[in-house]
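The structure appears below as structure tokens.
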Amino acid sequence: MLKVSNVSKNFGGVAALRGVSLTISKGTIAGIIGPNGAGKTTLFNIISGLYPQDEGEVFLEERNISFLSPEKLVRLGLVRTFQNLELFGRMTVLENVMVGLHTKSSSGLLSCALRLPKQRKEEKRIVEEAWKCLELCGLAEVAEKEAASLPLGQGRLLEVARALATEPKIILMDEPAAGLNTRETTGVADLIRKIRDMGITVVLVEHDMELVMEVCDHISVLNLGQKLAEGSPREIQDNSAVINAYLGED
Amino acid sequence: MKKTDQILFFAFSVCILFLPLILKESYILHVFVFIGINTMLAIALNLLLGYAGQISLGQGALYGLGAYISAILSAKYGVNPWLGMGVSAVIVSAVAFIVGFPILKLRGHYLAMATLGLGIILYIIFNETVDWTGGPSGFPGIPNLKLGSLTFDNDVANFYLVWFFALITMFLALNLYQSRIGRALRAVSDSEVAARIMGVDAWLLKVKIFAASAFISSLAGSLYAHTVTFIAPASFGFNFSVELLTMVVVGGLGSVFGSFLGAAILTLLPEWLRVFHDFDIVIYGLLLILIMMFMPRGLAGLVSHLKAKVYVESK
């Protein structure tokens, strides 16, 4: 589904990623873990087209997507969420999700300003689709609230709802449970599984080990910009190199 | 458009329609012609600043460019003023579209500087190309617009002329706000990176809205040229760009009716500020600071805040 091949990235002489390769299979929940500064978010930024990599390539379903812009990638079915919420704060929750349907609609500047019949019909469809995403993520009750006023838990859900509205094939989630309480984290775990069961591949960067071990089918561990290990949750838990990276060597 | 906006727009249009009957041929009606032009200009800037979150300090010059092209076409080449108005709007928006590609790559202060530069360049052109524009002493003898036997050379006719365009501008801007493109613009304003992840081509969209803003500004400029029949560079300088910015901020970022309020206040204000002479720009600056500090959402924000308060108390 998604293949990262030998990707490297430097920031002013500091190597954030050094030749990282990963393969993520279709229809799975893949976890990427690692201590702070391991390069997880950098990897996400490269895959989602926000940064160009210095070396290496990224493939989505055999297609080379290295250096494609985010607005092109979402049309190919790749979308992401942000760890530090990047919601459209002054828009309502519903409107946030409606922006997610941007690529699934086509009305231009003029037809929007003139409110042509075709545009009105499309607008109705956008609203309906957006409501479906809100209901799936349990946000229907706060639909008319300003996004900036949401508590963190609902904000993280809105990130996911908005991403789902783009009808992705693969969704990259950057720490969807960070800062959430146990009950909220369980909700996120259920939602992630539901998304996988819809046939969408999920890639998860997460610090909450319990969540990662519980939901992921496959885990890759990054440390200091390199891949340290990969395997099933059980294999990772028993891997001495991983334990050392997290706890430090004696 | 939201239902409340529809009702408000309808009521507003009716008020405008009957205003000349109440005001008759008075000075205030004359001022309302300029309020109409400034409303168009404020909305044009609001599309950029309030909707898309992109600043422009060159709006006054785009307005001037429209005015000068209209003036030159109609007075020097005898082109029908209506046609000239359309041609100017197309030229000015094309200029904005082309210039927009490089400058709208910039953000924040850098964009402010670039648009300021654009304004200054155009202002110098208005002043220096004396053969075309008449330079600092101005461009006299611009013909009035005509419709059949009706000539737009008095305040009542000009009022209806200008407000016809201003109301259309308001209507289109209101429609745009609650639409796919309006949401994409506001998304770019709140988080450009997230908007791009959602598939919004932020750069192209900003360039397009800059061109649309220039189109409206140019129409306002043509209306100004043909109603006043005399134009001079001083009307299109940096001070006026700042004045437009003040209108939008005072009225409320992103609010169409706010743009009208801002335009009305800032157009009436000079009448009241005459006593300060050249220091009026200081008052504008002060107003801008105070509003940013105490009512960041402008008059429109204040109105909806009061409405919400009354609603809560009546419950």
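The values are calculated or read from the model by the stated rules, or taken from the named source; none is laboratory data. Being a predicted model, the structure only gives us computed values, none of them experimental. Note that each Cβ is placed from the backbone with ideal geometry, even for glycine, and that neighbours are counted across all protein chains shown.
If I filter the range B:209-220 for residues that are more than 9 Å from every other protein chain (Cβ to nearest Cβ), outside any loop (DSSP other than H, G, I, E, B), farther than 13 Å from residue B:44 by Cα and not β-branched (Val, Ile, Thr), do I get at least one hit?
No, the range B:209-220 contains no residue that is more than 9 Å from every other protein chain (Cβ to nearest Cβ), outside any loop (DSSP other than H, G, I, E, B), farther than 13 Å from residue B:44 by Cα and not β-branched (Val, Ile, Thr).
Going residue by residue through the range A:143-163, is there one that turns out to be farther than 27 Å from residue A:63 by Cβ, within 13 Å of chain B (Cβ to nearest Cβ) and not in a helix (DSSP H, G or I)?
Yes: one or more hits.
Just to be sure, is residue B:152 within 14 Å of another protein chain (Cβ to nearest Cβ), touching a residue at least 40 places away in the same chain (Cβ under 8 Å), farther than 30 Å from residue A:166 by Cβ and of a type in the set (Phe, Trp, Tyr)?
No; evaluated as a whole, the condition is false for this residue.
Check every one of the helices (runs of 4 or more DSSP H) wholly within the range A:1-117 and list those with 3 or more residues that are touching a residue at least 60 places away in the same chain (Cβ under 8 Å).
So the answer is A:40-47, A:93-100.
Residues of the range A:155-207 being closer than 22 Å to residue A:38 by Cβ and free of Cβ contacts under 8 Å to residues at least 60 places away in the same chain, which ones?
Residues satisfying the conditions are A:177, A:179, A:180, A:185, A:188.
List, please: which pairs have Cβ atoms under 7 Å, are six or more places apart or on different chains, and start with a residue in the range B:1-28 that is outside any helix (DSSP H, G or I) and end with one that is among the charged types (D, E, K, R) and modelled with pLDDT of 85 or more?
B:25/B:155
Name the one entry in A:94, A:73, A:101 that is in contact with a Gly (Cβ under 6 Å, 6 or more places away or on another chain), more than 7 Å from chain B (Cβ to nearest Cβ) and at pLDDT 95 or above.
A:73
Collect the residues in the range A:146-169 that are among the polar types (S, T, N, Q) and out of contact with any strand residue (DSSP E or B) (no Cβ under 7 Å at 6 or more places or on another chain), keeping them in residue-number order.
A:149, A:154
Results for (1) out of contact with any Lys or Arg (no Cβ under 9 Å at 6 or more places or on another chain); (2) on the phi < 0 side of the Ramachandran plot; (3) surrounded by 15 or more Cβ atoms within 10 Å (Cβ to Cβ); (4) not hydroxyl-bearing (Ser, Thr, Tyr), shown as yes or no for each residue.
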| residue | (1), (2), (3), (4) |
| --- | --- |
| A:119 | no, yes, yes, yes |
| A:142 | yes, yes, yes, yes |
| A:148 | no, yes, no, yes |
| A:165 | no, yes, yes, yes |
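For the range B:161-190, name all the residues that are more than 9 Å from chain A (Cβ to nearest Cβ) and among the polar types (S, T, N, Q).
B:169
Quick check on residue B:193: is it free of Cβ contacts under 8 Å to residues at least 60 places away in the same chain, of a type in the set (A, V, I, L, M) and either surrounded by 24 or more Cβ atoms within 10 Å (Cβ to Cβ) or within 14 Å of another protein chain (Cβ to nearest Cβ) (or both)?
yes
Quick one: is residue B:147 under 21 Å from the mean Cα position of the chain (by Cα) and aliphatic (A, V, I, L, M)?
No.
Tell me which residues, restricted to the range A:164-213, are of a type in the set (Val, Ile, Thr) and assigned to a helix (DSSP H, G or I).
A:182, A:185, A:186, A:188, A:192, A:195, A:212
Among (1) part of a helix (DSSP H, G or I); (2) surrounded by 24 or more Cβ atoms within 10 Å (Cβ to Cβ), there is one condition residue B:54 misses while meeting the rest; what is its number?
(1)
(1) among the charged types (D, E, K, R); (2) touching a residue at least 40 places away in the same chain (Cβ under 8 Å); (3) facing another protein chain (nearest Cβ under 7 Å); (4) farther than 26 Å from residue B:8 by Cβ: which one isn't true of residue B:201, the others all being true?
Only one criterion is unmet by residue B:201, namely (2).
Within the range A:37-72, track down each residue that is of a type outside the set (A, V, I, L, M, F, W, C), in contact with a Pro (Cβ under 9 Å, 6 or more places away or on another chain) and on the phi > 0 side of the Ramachandran plot.
Listed by number, the list holds a single entry, A:49.
Read through the list (1) at pLDDT below 95; (2) closer than 30 Å to residue B:25 by Cβ, then give the number of the only condition that residue B:178 fails.
Just one mismatch for residue B:178, condition (2).
Is it true that some residue in the range B:166-186 is on the phi > 0 side of the Ramachandran plot and outside any helix (DSSP H, G or I)?
Checking the range B:166-186: not a single residue is on the phi > 0 side of the Ramachandran plot and outside any helix (DSSP H, G or I).
Kindly provide the set of residues from the range B:264-315 that are of a type in the set (Asp, Glu), surrounded by fewer than 15 Cβ atoms within 10 Å (Cβ to Cβ) and free of Cβ contacts under 8 Å to residues at least 60 places away in the same chain, ordered by number.
B:278, B:313
Across the range B:146-161, which residue is surrounded by the fewest Cβ atoms within 10 Å (Cβ to Cβ) among those that are in contact with a helix residue (DSSP H, G or I) (Cβ under 8 Å, 6 or more places away or on another chain) and not hydrophobic (A, V, I, L, M, F, W, C)?
Applying the filter and picking the extreme gives B:151.
Looking at the range B:235-251, can you tell me whether even one residue there is more than 12 Å from the chain's Cα centre (by Cα), part of a loop (DSSP other than H, G, I, E, B), more than 14 Å from chain A (Cβ to nearest Cβ) and surrounded by fewer than 24 Cβ atoms within 10 Å (Cβ to Cβ)?
There is at least one residue in the range B:235-251 that is more than 12 Å from the chain's Cα centre (by Cα), part of a loop (DSSP other than H, G, I, E, B), more than 14 Å from chain A (Cβ to nearest Cβ) and surrounded by fewer than 24 Cβ atoms within 10 Å (Cβ to Cβ).
Yes/no matrix, rows are residues, columns are (1) surrounded by 14 or more Cβ atoms within 10 Å (Cβ to Cβ); (2) part of a helix (DSSP H, G or I); (3) at pLDDT 95 or above; (4) out of contact with any strand residue (DSSP E or B) (no Cβ under 6 Å at 6 or more places or on another chain):
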{"position": "B:86", "(1), (2), (3), (4)": "yes, yes, yes, yes"}
{"position": "B:92", "(1), (2), (3), (4)": "yes, yes, yes, yes"}
{"position": "B:102", "(1), (2), (3), (4)": "no, yes, yes, yes"}
{"position": "B:121", "(1), (2), (3), (4)": "no, yes, yes, yes"}
{"position": "B:125", "(1), (2), (3), (4)": "yes, yes, yes, yes"}
{"position": "B:132", "(1), (2), (3), (4)": "yes, yes, no, yes"}
